[in-house]
Amino acid sequence: MTTISIPRGKYHIWTVGCQMNQADSQRIQTMLDELGWEEASMEQANLVVLNTCSVRQAPEEKAHNLLAQLKRAKNERSDLLVALMGCMIGNQKTIDALEKRYPHIDLFMKVEHADILPRFLEERWTLISGAGCLDIEFMPDASDETTDDEIPVFPDLPTFATSTSRAGKRTVLPMAITPKPGERIAHYPTKIEPAKASPSAWLPIVLGCNKVCTYCIVPYRRGRERSRPMDELMIEARSLVDKGAKELTLLGQTVEAYGLDLPDQPDLADLMTNLSEIDGLERIRFMTSYPRHMTDSMIERMAHLPKVCEHLNIPVQSGDDAMLKRMKRGYSLDEYVERIERVRELWPDITLSTDIIVGFCGETEEEFQHTLDLLEKIRFDVVHVAAYSVRPGTVAARWEDDVPLAEKKRRLHAVEEIQGKIAFELNQSYVGKVEEVMVEDTNMTHGRQQLKGRNRGNKLVFCPVPDSTSSEGQRVFQPGDFVHVRIERATAWSLQGEAVVL
Ligand code: SF4
């Protein structure tokens, strides 16, 4: 192998989609920063990384638009490389189709394989920038035997097609890890450490998903669940805290599945217990929850860990049993409600958010009404609602998308309206209480500095910086600081108050 020395360039990372994608982009950014590359606008960058999302149609269309723009840019510029990552990358078949449509993409990359990025730049950027040639040992490419109908058991190997472009012949690059049958290694480039972590940092703990929800493309694109080893996570968490993180959000598509595939099967609460020992780490959050993996023991242990924040994001998607079956969510409505009731018993101050899809294939008015009934029954703090859009490659893509767009929009607004009322009522119960808030942002509003942050229950809180005559007035507030706020007003979306000294 060659010693890597890469001439510097400029990069731009475009990110859409979920927190997992944001966390992945942070990793790529760290890696490029460590290589001495400089962040720039898309127009100025030598490397544009598109971190894509296929969960809904709109973000995928945006990526296609950008790829078309980048194709034009590449025709005019010889110093531009384009890399694609995220959910648009699936198996070899998907990559082949994308490559045929966009031959100007230089790199298809999964985040698990991000440690090949320096090698890619070494090979391609060094040639483009004229800084010399390289000596790379090659390993054979792996064949990909999955089809769109199967969930890949292992993450696909990094793939570099051997087509010829203006910048030279593309090359099959060496693999860092070749998973063998029976091994499910969630390989993340562990050496990636941010120079400076944001006070709220992401920690992906389970990659992929083993569920087969009929509307969802994620398992086809991100593969099966692979838990990252506890030791690796502890090292990364300590590093993030050393670099400034005060709050870690543990990420997984079904986060309570953590550890099921590891040799000694630790669970999410075990991981949180270990993370709680890290000095300087103040808050632990986690998402996304799945009711069937959430055991009583797990909930009880999490509820007793002071650093674990009282907030659960637990998508239900529909309030109707027939719909849940069509969606293949893997639980009945009764099971879901039973889990919520149990969580509320074991963790009394918990706040809840959920996801709802309206207008899924065949959704009748009655089925939709059951979703509205569920919202009234559970009274979630936050509801993320989306109108169903077909995702090619999913099971549901073979079914008729038969709810008209106007009806989907009507149902979406109906959910928003009911939820707005519920959230407003729930938030009134905070008025008069003092909440611990971690500052996320400071900005000027009406000539006075305003703090924006979240309480432990994940509610957005705003308060003006105390004036200079108060005891807190001399403090300079930064993201990551903690402040106590007496809540004076509440809307459906946020709480507002004044900072107080306890
Ligand atoms: S649980 Fe269902 S919706 Fe969530 S990522 Fe897995 S397949 Fe998709």
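Numbers for the structure displayed
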{"quantity": "Accessible area per residue in Å² at 1.4 Å probe, computed on the stretch 388-495", "calculated": "53 Å²"}
{"quantity": "For peptides 208-215, 354-361, 292-299, sequence by mean Cβ density within 10 Å, most packed first", "calculated": "354-361, 208-215, 292-299"}
{"quantity": "List Asp481, Asp321, ordered by accessible area with a 1.4 Å probe, largest first", "calculated": "Asp321, Asp481"}
{"quantity": "Per-residue ³J(HN,Hα) for the stretch 61-77, Karplus 6.51 cos²θ - 1.76 cosθ + 1.60, θ = phi - 60°, Hz, x for Gly and Pro", "calculated": "4, 4, 5, 4, 4, 5, 4, 5, 5, 5, 5, 4, 4, 5, 5, 9, 10"}
{"quantity": "Cβ-defined net charge surrounding Asn427, 13 Å radius [Lys, Arg +1; Asp, Glu -1]", "calculated": "+1"}
{"quantity": "Quotient of Cα Rg and 2.2 N^0.38 Å for the stretch 197-309, N being how many residues it contains", "calculated": "1.04"}
{"quantity": "In sequence order, calculated HN-Hα J values of the stretch 405-410 (Karplus, 6.51, -1.76, 1.60; Hz; x Gly/Pro)", "calculated": "4, 4, 6, 4, 5, 4"}
{"quantity": "Surface share of carbon and sulfur [accessible, 1.4 angstrom probe, percent] for the stretch 434-500", "calculated": "48 percent"}
{"quantity": "Long-range HN-HN contacts of Gly244 with modeled amide H, under 5 Å", "calculated": "Ala197"}
{"quantity": "Evaluated at q = 0.14 Å⁻¹: base-10 log I(q)/I(0), Debye formula over Cα of the stretch 434-500", "calculated": "-0.34"}
{"quantity": "Built amide H within the under 5 Å cut-off of Trp202, gap 5+", "calculated": "Thr249"}
{"quantity": "Amide hydrogen neighbours beyond the local backbone of Arg456, cut-off 5 Å, H modeled", "calculated": "Glu436"}
{"quantity": "Average accessible area per residue (Å²) across the stretch 197-309 - probe 1.4 Å, nucleic acids and ligands excluded", "calculated": "33 Å²"}
{"quantity": "24 Å Cα-Cα reach of Lys325 towards lysines, excluding residues that sit fewer than 8 places from it in its own chain", "calculated": "Lys211, Lys377, Lys408, Lys409"}
{"quantity": "P(r) histogram, all alpha-carbon pairs of the stretch 1-72 included - 5 Å bins from 0, percent", "calculated": "3, 16, 22, 21, 18, 11, 6, 2, 0"}
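The values are calculated or read from the model by the stated rules, or taken from the named source; none is laboratory data. Please read all numbers here as calculations on a predicted model, not as lab measurements. When we count neighbours, we look across all protein chains shown, and the Cβ atoms used for this are built from the backbone with ideal geometry, even at glycine. These accessible areas exclude ligands, DNA and RNA; they are computed on the full protein's heavy atoms, side chains included. Shrake-Rupley method; radii C 1.70, N 1.55, O 1.52, S 1.80 Å.
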